[in-house]
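J.: There's a structure below that I have some questions on.
Read-outs throughout are calculated quantities, based only on the coordinates presented, and are distinct from any laboratory measurement. Owing to the predicted nature of the structure, the values given are computational and were not obtained by experimental measurement. Glycine also receives a Cβ, built like all others from the backbone with ideal geometry; neighbour counts cover every protein chain displayed.
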Amino acid sequence: MNEAAGDRPAVRIYDPTLRDGHHAVRHDLGEAQLRAYAAAADRARVPVVEVGHGNGLGASSLQVGRARLTDDVMLSAVRAELRHSRMGAFMLPGWGTADDLRMAIDHGVDVVRIGAHCTESDVTERHLGFLRDAGVEAHATLLMSHMCTPAQLGRACEQMAGFGAQAVGIFDSAGHFLPEDVTERISAIRGAVDVPVIFHGHNNLGSAVANSIAAVRAGATIIDGCARGFGAGAGNTQLEVLVPVLERLGYPTGIDLYRLLDAADLAERELMPAPPTISSESIVSGLAGVFSGFRNRVLDVAAREQVDPRDIFFELGRRQAVAGQEDLIVDVAMSLRTASL
Amino acid sequence: MQATTTPTTGVRRSRPLRAAVIGAGLIGLDLAMKIQRSAELDCRLVTARDEDAPGLRAARDLGCRVSADGVDAVLATADPYDIVFDASNATAHPAHWQALEPLGCLVVDLTPSGVGHAVVPAVNGDTLPVHRNLNLVSCGGQACVPILHALSSRYRPSYVEVVTTAANLSVGRATRLNLDEYLATTRDAVRASTGTSAVKTILNLSPARPPATFRVAMSFQSEDMDQRVVGDLVHDAADRVRAFVPGFRVRACTVTDGVAFVAVEVEASGDRIPSYAGNLDIINSAAVLVAEQYARQQASLPGTEVTRR
């Protein structure tokens with residue numbers, strides 16, 4: 001797979017553009033868009049291309065937004081375009097089930113990540129076991145990882161590796177971390193497990209690339225990045241920046257730079273009305289430690305209820321809302337409106 | 001004591017009826033406490049498979065006989081139980097039912113196995129007598145089905161969605177291993193009570209401190225819904241649930257863009273479980289209610305009076 005002068009990739013890049021990016025466009029990507037980007041990423045030799053609803057397999061709903069396409073259609077479309085890259089999918093227990101995993105396996109998925117809120121790692125046990133029995137590469141990732149201490153994350157990752165995860169790691173779902181936070185957490189996880197460690201950044205506080213570098217230096221070897229940062233809230237780690245920065249630091253990725261830049265240009269042109277920016281609300285969201293995927297719903301509800309979206313984010317942070325609790329947004333807005341009367 | 005009498009349907013027993021609980025997790029322990037409080041039921045055994053289960057020690061402190069032999073402890077007794085509650089694990093229930101069915105006792109299943117006849121007391125409590133295996137669906141099912149059934153009696157839904165959020169401290173290991181069964185069994189109960197197959201069920205675990213109160217948010221998509229009618233239907237249904245779950249509250253009830261959105265919260269009350277654990281309270285209160293209905297029905301049936309010492 002790696003054609004970069006025989007170098008063995010020191011860092012495996014994992015590309016959730018077609019999954020996390022869905023948060024930015026209300027899960028509305030069409031089949032032609034998925035195909036175009038998947039083909040471009042494949043040409044660049046991106047190792048894994050993940051696809052799906054922003055919240056993963058089986059998550060299309062009023063609660064977090066309905067996807068334009070079914071999981072079935074999304075997986076078929078991307079599969080058809082991948083010659084070199086492997087296909088990834090994501091699933092949260094409580095949202096998707098083993099039936100969804102079976103469907104993804106029927107579509108030839110190569111890697112599946114089972115996600116859980118960082119304090120609830122034991123919910124991954126059954127589905128990790130299912131994937132291992134099915135012979136599919138199984139990763140386990142902890143969401144909203146700023147809500148745990150480094151030691152807690154180490155123990156949770158150790159548990160998930162014990163369930164059979166072949167790689168474990170953390171999502172900075174709120175974009176709350178600064179580089180030293182990441183160093184501490186990845187170091188704790190590296191000390192607890194023997195399997196490869198994953199880091200997935202968000203850019204709410206402008207630190208996603210720097211955080212990813214900190215993760216690699218602390219021993220993470222699977223790093224997530226999205227074209228133009230296409231993803232929830234302020235966006236993810238920008239893939240076409242991350243890769244050359246890693247190469248410059250001496251971490252080969254096996255990715256073709258020009259093809260990668262072409263894929264990013266295509267993504268900007270074909271997938272998004274505009275690349276994600278660090279909007280004022282996203283800064284507040286990152287500071288408050290709120291799931292980046294809440295952004296569009298918070299803005300909708302704030303406009304309808306005529307309350308300041310920044311107040312909603314801080315209150316959601318105070319209530320320790322986790323990914324998936326979108327039904328709380330209306331409650332929070334109503335209580336803020338009542339309080340202001 | 002007429003030890004030779006087999007407890008089959010129609011045999012009339014004096015109260016209280018003898019009950020056993022399989023499972024000593026969060027649900028099993030709270031259930032044992034509720035059974036002990038009931039005048040109609042006597043909790044004679046709490047059994048689990050793990051000798052070190054903290055729930056077993058707590059059940060012993062309550063005065064229940066305990067065992068680490070699982071369902072075998074229920075089968076081994078010379079003094080058969082009238083009612084066996086299964087609070088173990090959805091994947092274990094089919095084998096438990098197979099072992100218990102020949103005994104003729106009533107089996108009340110609190111796991112989301114989907115094996116027995118689904119019961120939500122506020123909706124179909126009157127269909128119990130003919131069934132020997134009653135399934136309590138799920139905690140979320142107990143909270144949402146009465147509301148959704150009431151709305152469906154007036155409006156025909158095109159889509160229904162149920163999002164349950166439980167405090168992580170109130171969700172034990174068996175439930176965590178049974179998330180797929182939880183979603184499927186809840187979905188099937190919602191389908192049956194609303195008449196639509198377009199149903200999505202979701203479960204969140206909240207890590208918040210202080211712990212978040214058990215909450216079930218429902219979206220009911222239909223046409224021409226009137227806010228006032230929806231409100232009346234929802235509040236009437238909530239009153240029926242509140243008759244046996246006092247902490248059941250409607251937190252939101254709105255109609256926007258063809259979707260009725262109803263959020264309910266359940267605070268546990270009257271037991272040693274913390275107030276946020278309404279999930280335990282609602283399913284266990286429902287289980288005890290159907291067991292008490294069965295006890296009263298047994299007492300009113302003509303048949304051989306079985307007396308106790």
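J.: Label B:ALA198 and B:ASP79 with points 7 Å out from Cα along Cα→Cβ: what is the distance between them in nm?
T.: 5.6
J.: May I pose another question? Quick one: 3J(HN,Hα) in Hz for segment A:169-185, Karplus 6.51/-1.76/1.60 with θ = phi - 60°, rounded, Gly and Pro as x.
T.: Computed from phi, the couplings for segment A:169-185 are x, 10, 9, 8, 4, 9, x, 9, 6, 10, x, 5, 4, 5, 4, 4, 6 Hz.
J.: In degrees between 0 and 90, to the nearest 10, how far off the longest principal axis of chain A does helix A:208-217 point, with axes built from Cα atoms?
T.: Its long axis makes an angle of about 50 degrees.
J.: For B:SER152, A:SER285, what ranking results if the residue with the fewest other Cβ atoms within 10 Å of its Cβ goes first? The partial results should precede the final answer.
T.: Details: B:SER152 20, A:SER285 34.
By the 10 Å Cβ count, ascending, the order reads B:SER152, A:SER285.
J.: Over the alpha-carbon set of segment B:42-87, work out the extent along each principal axis and list the three values in angstrom, largest first.
T.: Principal extents (largest minus smallest coordinate, Cα): 26, 19, 18 Å.
J.: Using the beta-carbon distance between A:VAL73 and B:ALA299 and R0 = 56 Å, what value does 1/(1 + (r/R0)^6) give for FRET efficiency, to the nearest 0.05?
T.: Details: r = 58 Å, r/R0 = 1.04.
So, using R0 = 56 Å, E works out to roughly 0.45.
J.: Expressed as a rounded percentage, what relative contact order does chain A have, with Cα pairs under 8 Å and six or more residues apart? Show your work: numbers first, answer last.
T.: Working: 783 pairs, mean separation 61.7, N = 341.
It comes to 18 percent, rounded to a whole number.
J.: Any idea what % of Cα-Cα pairs in segment A:196-249 are farther than 13 Å?
T.: Values: 736 of 1431 pairs.
Roughly 51 percent, once rounded to a whole number.
J.: Suppose a student asked you for the relative contact order of segment B:139-276, using Cα pairs under 8 Å spaced at least 6 residues apart; what percent would you report?
T.: On the way: 248 pairs, mean separation 40.5, N = 138.
Here the relative contact order equals 29 percent.
J.: Compute the FRET efficiency between A:GLN166 and B:THR127 as 1/(1 + (r/R0)^6), taking r as their Cβ-Cβ distance and R0 = 51 Å, and round to the nearest 0.05. If you can, show how the numbers build up before the last one.
T.: On the way: r = 48 Å, r/R0 = 0.95.
So, using R0 = 51 Å, E works out to roughly 0.60.
J.: To the nearest whole number, what is the average tally of beta carbon atoms from other chains within 10 Å of the beta carbons of peptide A:322-329? Write down the numbers at each step before the final one.
T.: Numbers: counts 8, 1, 7, 8, 3, 14, 7, 0.
Shielding by partners across A:322-329 averages 6.
J.: If r is the Cβ-Cβ distance from B:ALA99 to A:GLU180 and R0 is 60 Å, what FRET efficiency results, to the nearest 0.05?
T.: So the FRET efficiency works out to roughly 0.55.
J.: Taking 7 Å along the Cα-to-C-beta vector as the label spot, tell me the A:ARG66-A:ALA10 distance in nanometres, rounded to one decimal.
T.: For A:ARG66 paired with A:ALA10, the spin-label model returns 4.9 nm.
J.: Need one number: the % of Cα-Cα pairs in segment A:109-242 sitting beyond the 26 Å mark. Write down the numbers at each step before the final one.
T.: Values: 1413 of 8911 pairs.
Across segment A:109-242, Cα pairs with separations above 26 Å total 16 percent.
J.: Follow-up. Grab the alpha carbons of chain A, take their convex hull, and tell me the volume per residue in Å³. Walk me through the numbers before you get to the answer.
T.: Numbers: hull volume 38.5 nm³, N = 341.
Cα-based convex hull of chain A, divided per residue, equals 113 Å³.
J.: Residues with beta-carbon under 12 Å from that of A:ALA165, excluding A:ALA165: net charge, scoring Lys, Arg +1 and Asp, Glu -1? Show your work: numbers first, answer last.
T.: Numbers: positive: A:ARG113, A:ARG132; negative: A:GLU125, A:GLU137, A:GLU158, A:ASP194.
Residues near A:ALA165 contribute -2 overall.
J.: Suppose we take every Cα in chain B and form the convex hull; what volume per residue is that in Å³?
T.: Spelled out: Cα convex hull of chain B, divided by residues, is 121 Å³.
J.: Magnitude of the Cβ-charge dipole of the protein assembly as shown, K/R +1 and D/E -1, about the Cα centre, nearest 20 debye?
T.: On the way: 61 positive and 75 negative charges, 226 e Å.
It works out to roughly 1080 debye.
J.: How far is the Cα center of segment B:28-107 from the Cα center of segment B:220-270, in Å?
T.: What the calculation gives is 34 Å, centre to centre.
J.: Here's a follow-up. Segment A:143-207: which GluC sites (Glu not before Pro) are DSSP loop and have at most 15 other beta-carbon atoms within 10 angstrom? Display every interim value, and only then the final one.
T.: Values: sites: A:GLU158, A:GLU180, A:GLU184; in loops: none.
For GluC sites (Glu not before Pro) across segment A:143-207 that sit outside H, G, I, E and B with at most 15 neighbouring Cβ atoms in 10 Å, the list is empty.
J.: Okay, moving on. When all C-alpha to C-alpha distances in the protein assembly as shown are sorted into bins of 10 Å, what percent of pairs does each bin hold, rounded to whole numbers?
T.: Per 10 Å bin, starting at zero, the Cα-Cα P(r) for the protein assembly as shown comes out as 3, 16, 25, 23, 17, 10, 4, 1, 0 percent.
J.: Would you kindly calculate the mean projected area, averaged across all directions, of the convex hull enclosing the Cα atoms of segment B:93-170, in square nanometres?
T.: Hull-based average projected area comes out at 6.8 nm².
J.: Give me a single rounded figure for B:170-180: the average over its residues of other chain Cβ atoms within 10 Å of their Cβ.
T.: Numbers: counts 0, 3, 0, 2, 0, 1, 9, 6, 1, 10, 11.
Averaged over the peptide's residues, the number is 4.
J.: What is the P(r) of segment B:42-162, as percent of Cα-Cα pairs per 10 Å bin from 0?
T.: Reading the bins upward from 0: 12, 37, 31, 14, 6, 0.
J.: Then there's this: Neighbouring Cβ atoms within 10 Å as the yardstick, rank B:VAL290, B:VAL162, B:VAL241 fewest first.
T.: Numbers: B:VAL290 20, B:VAL162 30, B:VAL241 27.
Result, fewest neighbours first: B:VAL290, B:VAL241, B:VAL162.
J.: On the first, second and third principal axes, largest extent first, how far apart are the outermost C-alpha atoms of segment B:139-276 in Å?
T.: Principal extents (Cα only, largest first): 42, 29, 24 Å.
J.: Once you place label points 7 Å from the Cα toward the Cβ at B:ARG154 and A:ARG102, how far apart are they in nm?
T.: 3.9
J.: Please report A:ASP100, B:ASP50, B:ASP126 as a ranked list, fewest other C-beta atoms within 10 angstrom at the top and most at the bottom.
T.: Details: A:ASP100 22, B:ASP50 12, B:ASP126 8.
The fewest-first ordering by Cβ neighbours comes to B:ASP126, B:ASP50, A:ASP100.
J.: List every residue whose amide H lies under 5 Å from the amide H of B:ASN204, counting only residues 5 or more places away in sequence or on a different chain, with H placed 1.01 Å from N in the peptide plane.
T.: Answer set, sorted by chain and number: B:THR164, B:THR165, B:ALA166.
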